[in-house]
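These notes concern the structure reproduced below.
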Amino acid sequence: MELADYIIILIYFAGLLVLGGVLGKKVKTSEDMFIAGRNSSWWLSGLSTYMTIFSASTFVVWGGVAYRSGIVAVVIAMMLGIATFFVGWFVVGKWSKQQIDSPAEYLGIRFNTSVVRFYTIIGIVGRGIHMAVALYAIAIMAVALIPLPEGHWLANPTTGHLSVTYAVLFLGIITLIYTAAGGFLAVLMTDVVQFAVLFGMILIMVPLSFDSVGGVGAFIEKAPDGFFSLFSEQYSWGWMVLWLCLNFFMIGGDWAFVQRYISVPSVKEAKKSAYLVGTLYIVTPILWYTPALVYQVVNPDANPEQAYMLMSQYILKAGMVGLMLAAMISATLSTVSSNLNVFANVFAYDIFRPARPNVSDRTLISSGRWFTYIYGLLITGVAVMIPYFGGAERVVVPILTLVISPLFIPSIWGLFSKRIGSKAVWWSMGITFFLGITMKTGLFFEDFVSRHVEFVDAFIGFVVPCMILLVIELFLWKQETDAGWNRYTQASKEAEYVDPEQVKKNKVAGDLYSSMGIKIMMGTYAAIGIAMGVLAFFDPSHRGELLLYAALFIAVSALVLFLYFFKWSKNKAQLN
């Protein structure tokens, strides 16, 4: 990378910190801190959900699948879109209408406090390790592009590049600062920035990728045999069905996503946010994976996991590589910040408040912020220590994946079933965990598991807990309704009444947040355009291209803001 790339990256992350600080001043209540006062608009919630699904694996792992196996990677991503539509149709409304303050509150109502503690402990530990590995993975990718002078105090003496330790510390501390300062509102708005940057860069990379190999026709002609098959031996149609079902429960039940469903004021808004995510995940995967797909033609012998970044270096100009790297890093930071905030939410509402029932709202906010700092530092510390684990994380992470993924199934099952209770949770999770741990550690069917890793993961993570719950459901068919179901339905009925004054306040606040989101997104595009315009004067060989992209970004920003303010002034005139 060149000096321009480093400047772009520093400006980008400085902007995130400033945004977090500014939004922190808008946090007045604990609801503002953890669910944006239940005033988020549907499109903000949807974009945030969309970005939360992204991580380093989107570009490293699945980008590698696209490079190696072709269009099947696009089909895999589209399954998430289909799953999200089903979540919108069947699940989102049940979360939204409860008017709960945290996902764990539902578990306490529907099951009991033991289940809440179990889910919280598994979630904090499991998600914490996952976030640490994600931070480490994105840091590895970033430092490969950042060589430093020999003997530099930030350099790794072996590689001569920026030390992974310093990269992890930098990324981890930035994330926990803006998340703790601005709360869930900062998470929403930084997700808007991250979406704007990532989407803008992808729209640039797609035509440049095809141009690098002579056009779309040349790419299709030069692609390997079977590159455009919808399924493969490793990712069969059966695996796709299991993948879709597993993601239905994940997107429907993962606390980070549930937080977004309950942050909007109504069931209708929550459903619209899910449909937005579904639409984006059906339409955009072909855009995300095009650079990796095309790089197979450019260089068929590359490391698949480096294909995305290598293509970025191959086609992007000075400054733009830095912006793309910042966007890819942000995709991971979005996941980290979302999980930091959701567990701060659970800690404040479901651990700290029950322990101190008369606690003030200000103290509740402070407890959430302190939890974010401590939890974020622990995650960052674990990420720094990963190189010293001797490869143990390669065993631990798959096991944790099998432990965490099935947790969503009983919680969603409980939204529909009148009969299952806390015992069903313990039985289904106990058997699933036992099978997952024993099979992943090679105690049973080692040869079969090693040859069908993806299928085994999907089978244990989805089929096993569903079959156990189905057997329990049939066994309890003629039994009385579970007491937890009665509590759940009663709580839902009590939440049906909505104060008209509160509806008006939510609409005003929602319009304010929506306006803020539009201004931030278009401001981001304007900033990108200005940055590219400045870079054009320092790069004469690519001045024409950079000025063209600068003009496009600034024009889009100006047009959208003009239309927005025109509509706003028209509505204001009608009200007057």
Reported set for region 535-574 where residues are modelled with pLDDT under 75 and within 22 Å of ILE202 (Cβ to Cβ) is ASP539, HIS542
Here the residues within region 1-59 that are of a type in the set (Phe, Trp, Tyr) and at pLDDT below 80 are PHE34, PHE54, PHE59
Only one of ALA307, ALA302 is surrounded by 20 or more Cβ atoms within 10 Å (Cβ to Cβ) and small (Gly, Ala, Ser), namely ALA307
Going through region 434-468 in order, the residues found to be touching a residue at least 12 places away in the same chain (Cβ under 8 Å) and either open to solvent by 80 Å² or more (accessible area, probe 1.4 Å) or of a type in the set (Gly, Ala, Ser) (or both) are GLY436, PHE455, ALA458, PHE459, GLY461
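Could you say which residue among VAL193, VAL206 is assigned to a helix (DSSP H, G or I), closer than 30 Å to GLY523 by Cα and touching a Gly at 6+ places or on another chain (Cβ under 9 Å)? Break it down into steps so the answer makes sense when it comes.
On the way: VAL206 fails: touching a Gly at 6+ places or on another chain (Cβ under 9 Å).
Only one candidate qualifies: VAL193.
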If we keep only residues of region 501-534 that are open to solvent by 80 Å² or more (accessible area, probe 1.4 Å) and at pLDDT below 80, then the residue farthest from the chain's Cα centre (by Cα) is GLU501
Of the listed residues (TYR281, TYR289, TYR295, TYR275), the one being in contact with a Leu (Cβ under 8 Å, 6 or more places away or on another chain), under 24 Å from THR335 (Cβ atoms) and assigned to a helix (DSSP H, G or I) is TYR281
Here the residues within region 5-30 that are in contact (Cβ under 8 Å) with a residue 60 or more places away in the chain, within 13 Å of ALA186 (Cα to Cα) and either in a helix (DSSP H, G or I) or β-branched (Val, Ile, Thr) (or both) are GLY15, LEU16, LEU17, LEU19, GLY20, GLY21, VAL22, LEU23, GLY24, VAL27
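Out of the residues in region 79-118 that are of a type in the set (Ser, Thr, Tyr) and more than 24 Å from ASN39 (Cα to Cα), which is most open to solvent (accessible area, probe 1.4 Å)?
Within region 79-118, the first condition is being of a type in the set (Ser, Thr, Tyr), and the residues that meet it are 84, 96, 102, 106, 113-114.
Checking the rest, the ones that are also more than 24 Å from ASN39 (Cα to Cα) come to 113-114.
On the way: THR113: 88, SER114: 48 Å².
Per the stated criteria, the residue is THR113.
A quick yes/no check of all residues on (1) under 23 Å from the mean Cα position of the chain (by Cα); (2) of a type in the set (D, E, K, R); (3) at pLDDT 85 or above:
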| site | (1), (2), (3) |
| --- | --- |
| ALA132 | yes, no, yes |
| ILE138 | yes, no, no |
| VAL143 | yes, no, no |
| GLY160 | no, no, yes |
Checklist entry - Can you find even one residue in region 262-269 that is open to solvent by less than 40 Å² (accessible area, probe 1.4 Å), touching a residue at least 12 places away in the same chain (Cβ under 8 Å), in a loop (DSSP other than H, G, I, E, B) and touching a Leu at 6+ places or on another chain (Cβ under 9 Å)? => result yes
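Between LEU276, LEU246, LEU280, which is of a type in the set (A, V, I, L, M), closer than 14 Å to LEU80 by Cα, modelled with pLDDT under 90 and crowded, with 18+ Cβ neighbours inside 10 Å? Write out each step before concluding.
Numbers: LEU276 fails: modelled with pLDDT under 90; LEU280 fails: modelled with pLDDT under 90.
Criteria check complete, one pass: LEU246.
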Among VAL61, VAL65, VAL75, the single one that is on the phi < 0 side of the Ramachandran plot, open to solvent by less than 10 Å² (accessible area, probe 1.4 Å) and not small (Gly, Ala, Ser) is VAL65
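The values are calculated or read from the model by the stated rules, or taken from the named source; none is laboratory data. Note that the structure is a prediction, hence the values are computed from the model and not measured. Methodologically, a virtual Cβ is constructed for each residue, glycine included, from the backbone with ideal geometry; neighbour enumeration extends over all protein chains shown. When the accessible area is computed, the model is the full protein with side chains, heavy atoms only, and any ligands, DNA or RNA have been set aside. Shrake-Rupley method; radii C 1.70, N 1.55, O 1.52, S 1.80 Å.
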